[in-house]
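One structure is given below, encoded as structure tokens.
The values are calculated or read from the model by the stated rules, or taken from the named source; none is laboratory data. For clarity, every value in this text was computed on a predicted model and none was experimentally measured. Note that we place each Cβ from the backbone using ideal geometry, even for glycine, and neighbour counts take in every protein chain shown. Side chains included, ligands, DNA and RNA excluded: accessible areas come from the protein's heavy atoms. Shrake-Rupley method; radii C 1.70, N 1.55, O 1.52, S 1.80 Å.
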Amino acid sequence: MATAAVIAASEVLELTEPLPLDCGQQLEGVRIAYEAYGTLSPAKDNVVLIQHATTGDQHVASPHPKTGKPGWWDRMVGPGKPIDTDRFYVLCANVLGSCMGSTGPGSLAPDGRPYAMRFPVITIRDMVRAQVALLDTLGIERLYCVVGGSMGGMQSLSLAANWPHLPERVMVIAATATMPAQNIAFQEVGRQAITADPNWQAGDYYGTGKAPDAGLAVARMAAHITYLSEASLTEKFGRRLQDRQSKTFGFDADFQVESYLRHQGASFTNRFDANSYLYITRAMSYFDLAEEHGGLLADAFRASEARFCVISFDTDWLYPTELSRKLVHALNASGAPVSFVELSAPFGHDSFLLDVPALDRVIAGFLSR
């Protein structure tokens with residue numbers, strides 16, 4: 001019977017060289033927090049790199065240190081699971097700009113004060129550049145597979161496009177190669193909610209005893225809606241009232257769905273940094289692999305020798321199947337071998353994190369070939 005993954009390492013590594021960024025700046029003393037599961041083979045040829053989503057972290061299959069909840073992909077990673085730690089050495093790094101140990105706006109700058117809004121604006125490619133530096137430090141020259149869902153899928157595509165010598169296999173789940181305008185709009189709503197909170201203090205809230213929790217909670221609420229499907233919301237909540245027999249004719253959380261969103265927003269502020277949310281969503285808004293490669297998406301993958309697997313979900317309206325099809329067409333045009341599947345699941349965009357047995361089979365199958 002499958003059991004929990006055993007952590008081989010839970011580390012924070014500091015890069016010895018400055019990290020160059022797409023904005024033209026560079027960061028000194030970059031720290032990268034990562035976890036590893038399984039055993040690295042003598043040839044170092046069994047490495048699976050997992051790249052996390054927007055507000056994820058390196059705790060893929062270990063309890064979260066702040067919430068105590070199981071790792072965000074615990075159901076997928078471990079002995080006998082689809083990403084089998086009896087076979088693979090599984091790595092996951094907290095992205096640059098985040099707040100779970102890797103360098104971000106809450107980290108101390110060389111002058112000893114938190115960067116706050118002095119932190120340079122980063123891109124998805126910068127996040128991957130930091131991960132590649134981690135791999136170099138660990139002496140890993142080749143990846144058996146890179147896997148990512150949502151923003152993790154964007155990182156996987158960026159790795160394949162910009163470091164084509166690294167991955168043998170690339171798995172992209174519920175993602176896109178170019179951030180659509182509607183998604184940029186949703187992200188801007190979240191950023192505006194944060195910066196409109198008086199406790200944001202132009203980003204310099206560290207050490208003041210006040211943080212823009214109200215704004216961050218609203219940002220999370222708005223984003224969380226996009227992760228779900230209408231069918232899943234209707235089935236789970238419908239128009240049912242929350243702990244009452246009738247409407248209050250006020251502005252309390254009358255409906256269960258309202259109470260749920262408020263809980264999601266409030267709990268999020270306990271584990272995530274508002275400035276990190278600004279920087280990470282800005283990186284996603286900027287993401288456009290076609291633009292990075294002269295305007296033609298197929299050109300992004302011309303040098304890649306990897307095999308690709310692209311997965312979408314039929315209820316995902318944040319990154320709908322049509323975006324995955326555009327990616328697959330570009331991969332076909334580049335000559336890359338690619339398989340594509342649209343899976344049926346009721347959960348919307350979050351389907352890649354939830355119990356979808358068909359996804360388990362696809363991932364296990366792609367890794368076994």
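A Förster radius of 41 Å, combined with the Cβ-Cβ distance separating Thr137 from Ile225, puts the computed FRET efficiency at roughly 0.55. Fully extending the segment from Arg118 to Asp86 would add 7.2 nm, taking 0.36 nm per residue of separation and subtracting the current Cα-Cα distance. How many percent of Cα pairs in region 183-280 exceed 23 Å? Above the 23 Å cut-off, region 183-280 has 34 percent of its Cα pairs. Placing dummy labels 7 Å off each Cα toward the beta-carbon, the span from Thr234 to Arg369 is 3.6 nm. For the peptides 70-82, 168-180, the ranking by mean Cβ contacts within 10 Å, running from highest to lowest, is 168-180, 70-82.
Packing, taken as the mean count of other beta carbons within 10 Å per residue, orders the peptides 197-210, 87-100 from highest to lowest as 87-100, 197-210.
Sorted largest first, the spans of the alpha carbon positions of the chain along the three principal axes are 64, 51, 45 Å. In the context of the full set of protein chains, residues of the chain present 42 Å² of accessible surface per residue (probe radius 1.4 Å, heavy atoms only). One quarter of the surface of the convex hull around the alpha-carbon atoms of region 69-202 equals 10.6 nm², the direction-averaged projected area. Computed from the C-beta positions of Thr248 and Arg325 and an R0 of 35 Å, the FRET efficiency is 0.15 to the nearest 0.05.
Among the listed pairs Lys44/Lys326; Lys210/Lys247; Lys69/Lys210, a Cα-Cα separation exceeding 32 Å is found for Lys44/Lys326; Lys210/Lys247.
Length gained on full extension, Ala109 to Ser339: 78.4 nm, using 0.36 nm per residue less the C-alpha separation.
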